[in-house]
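Asker: The structure follows.
Read the figures in this text as sums done on the coordinates, not as results from a lab. Worth saying up front: this structure is predicted, and the values here are computed from it rather than measured. Using ideal geometry, Cβ is built from the backbone for each residue, glycine included, and neighbour counts are taken over all protein chains shown.
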Ligand code: AMP
């Protein structure tokens, strides 16, 4: 025997009880998003590396440090998807979805891969549920998108949720602001962290995310993008806010919420949960009106979000998972009953019952104990001369032909339900 193997660092197994909770997240997402006209999409686990270089942005941490990139057997560079928006935008373009009525609304629930420092709430393989609405710049799409995520988190019992909302304006406004910020950062260069200093040219907005105390102090006084938006951008933002106010959704306008990529535009938002530790982001998103163009399509507006399944489950707390229902446990009293019992179990399943058969060679006593542990409602003990059906709820016991077991279970089960 060699060394006992374990799952790679930053990954984990979804065990059956966790799978039940995830199924619930998925069913809730399907219900809420489906009711708003979103349809499921699933893209491949890996894509051409270029999609993320162009569709996430070469200057981001994701692309610079976190991608699982490798050459496949044919010498092409491929990358395990680190996020869902660029692949969905690619699929929209590739399948000519601009010919469909706009906006096209799509949702996904998939696994993503980032080489990050593994810790509670942060993994190297994680799952996100996400929604994208592509093809309309109407502020109502923004408000609808945000409200859907708020409703999803609420329905799933995510605790202590806070929403921060901002606007980035358009690339043109942002370019002017960027120069202003760069000038400000250069004026305070001696107080900044080395990392931020090195990025003044490449990505000055990142300075707002810094943990470094000196940088933080400088950023307190930095000019805010929100104070430098154009009139159209401000109108868009005001309309999004009015719709959210009308829907009674609480939020906080955050002037420091930033994302340093050229194709992000206008609305930006993030949901956090105070029930989480350091990794408090549950989900977030924004408008990406320049993205489709960036990956080779015509200028097309879009907005979307993604929320982490692990963080949703963490912030929702552990609700007890209900035991799976078992209608019938088929035991056998003697080896002669085995074949009949096996067949009976299958027939029960075909009749729509949940049924299990003894599979571990237990004694009759052991089988009955196992039936009890499985929470079986009925137990059929098949013997050479017929069957005994025991109602585990009432203790009632009947001798009958094996062929009668299913009709009786169906009938009794129904009267009690
Ligand atoms: P992002 O795509 O980075 O905007 O992340 C959206 C959401 O996905 C976050 O709010 C988290 O809930 C989740 N998330 C992002 N990265 C990770 C990770 N490494 N592990 C677990 N969840 C993550």
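Asker: Rounded to the nearest 0.05, what FRET efficiency do residue 17 and residue 117 have when you use their Cβ-Cβ distance and R0 = 25 Å?
Answerer: Computed FRET efficiency for residue 17 and residue 117 comes out at 0.35.
Asker: Given an 8 Å cut-off on Cα distances and at least 6 residues of separation, report the relative contact order of the chain as a percent.
Answerer: Relative contact order here is 15 percent.
Asker: Just to be sure I follow: if Rg is taken over the C-alpha atoms of the chain and Rh is the Kirkwood radius over the same atoms, what is Rg/Rh?
Answerer: Values: Rg = 28.2 Å, Rh = 25.1 Å.
Dividing the radius of gyration by the Kirkwood radius yields 1.12.
Asker: Quick check: pseudo-label points 7 Å beyond the Cα along Cα→Cβ at residue 350 and residue 374, how many nm apart are they?
Answerer: 1.9 nm
Asker: Under the 0.36 nm per residue contour assumption, what length would be gained going from the current alpha-carbon distance of residue 48 and residue 404 to full extension? Before the final figure, lay out each step's value.
Answerer: Working: separation 356, 0.36 × 356 = 128.16 nm, distance 5.96 nm.
Gain in length upon complete extension: 122.2 nm.
Asker: Roughly how tilted is helix 85-94, in degrees to the nearest 10 and between 0 and 90, from the longest Cα axis of the chain?
Answerer: 90 degrees
Asker: Next question, about the same structure. Sequence gap at least 6, Cα distance under 8 Å: using those rules, report the relative contact order of the range 326-411 to the nearest whole percent. All intermediate terms of the calculation are to be shown ahead of the outcome.
Answerer: Working: 149 pairs, mean separation 29.1, N = 86.
Once divided by the residue count of the range 326-411, the mean separation gives 34 percent.
Asker: Also: On C-alpha positions alone, give me the angle between the axis of helix 139-155 and the longest principal axis of the chain, in degrees, nearest 10.
Answerer: 40 degrees
Asker: A follow-up question, please. Taking the chain as a Gaussian network, where each spring joins two C-alpha atoms under 10 Å apart, which residue of 313, 181, 353 fluctuates the most?
Answerer: Fluctuation is largest for 353.
Asker: For the range 69-165, what are the per-bin percents of Cα-Cα distances with bins 5 Å wide, up to the bin holding the maximum?
Answerer: 2, 10, 15, 17, 20, 16, 10, 6, 3, 1
Asker: Okay, moving on. If you restrict to DSSP beta bridges whose two residues both lie in the range 326-411, what percentage is antiparallel, to the nearest 5?
Answerer: Numbers: 10 of 19 bridges.
Percentage antiparallel, nearest 5: 55.
Asker: Where does helix 171-187 land angle-wise versus the long Cα axis of the chain, in degrees 0 to 90, nearest 10?
Answerer: 70 degrees
Asker: Express as a percent, rounded to the nearest 5, the fraction of DSSP beta bridges in the chain (both residues included) that run antiparallel. Don't jump to the answer; show the numbers that get you there.
Answerer: Numbers: 51 of 64 bridges.
Around 80 percent antiparallel, to the nearest 5.
Asker: Can you work out D for the range 326-411 in µm² s⁻¹ from Stokes-Einstein, where Rh is the Kirkwood radius over C-alpha pairs, the temperature is 20 °C and the viscosity is 1.002 mPa s? Could you put the intermediate results ahead of the total?
Answerer: On the way: Rh = 12.3 Å.
Translational diffusion coefficient: 175 µm²/s.
Asker: While we're here: Kindly provide the helix-only [θ] at 222 nm of the chain, computed as the sum of -39,500 (n - 2.57) over DSSP H runs of four or more divided by all residues, to the nearest 500 deg cm²/dmol?
Answerer: It lands at -11000 deg cm²/dmol.
Asker: Another one. Compute the relative contact order of the range 53-123 as a whole-number percentage, counting only Cα pairs closer than 8 Å that sit 6 or more residues apart in sequence. It would help to have the intermediate numbers written out before the result.
Answerer: Working: 54 pairs, mean separation 21.8, N = 71.
Relative CO of the range 53-123 lands at 31 percent.
Asker: So, one more: Once fully extended, how much extra length lies between residue 235 and residue 321, figured as 0.36 nm per residue of separation less the alpha-carbon to alpha-carbon distance?
Answerer: Numbers: separation 86, 0.36 × 86 = 30.96 nm, distance 4.68 nm.
The span from residue 235 to residue 321 would gain 26.3 nm if fully extended.
Asker: When the convex hull of the Cα atoms of the range 242-321 is projected onto a plane and the area is averaged over all directions, what value comes out in nm²?
Answerer: Working: hull surface 31.2 nm².
Mean shadow area of the hull around the Cα atoms is 7.8 nm².
Asker: Let's test the formula: R0 of 35 Å, r as the Cβ-Cβ distance of residue 242 and residue 279. What FRET efficiency results, to the nearest 0.05?
Answerer: Details: r = 32 Å, r/R0 = 0.92.
Using R0 = 35 Å, I get an efficiency of 0.65.
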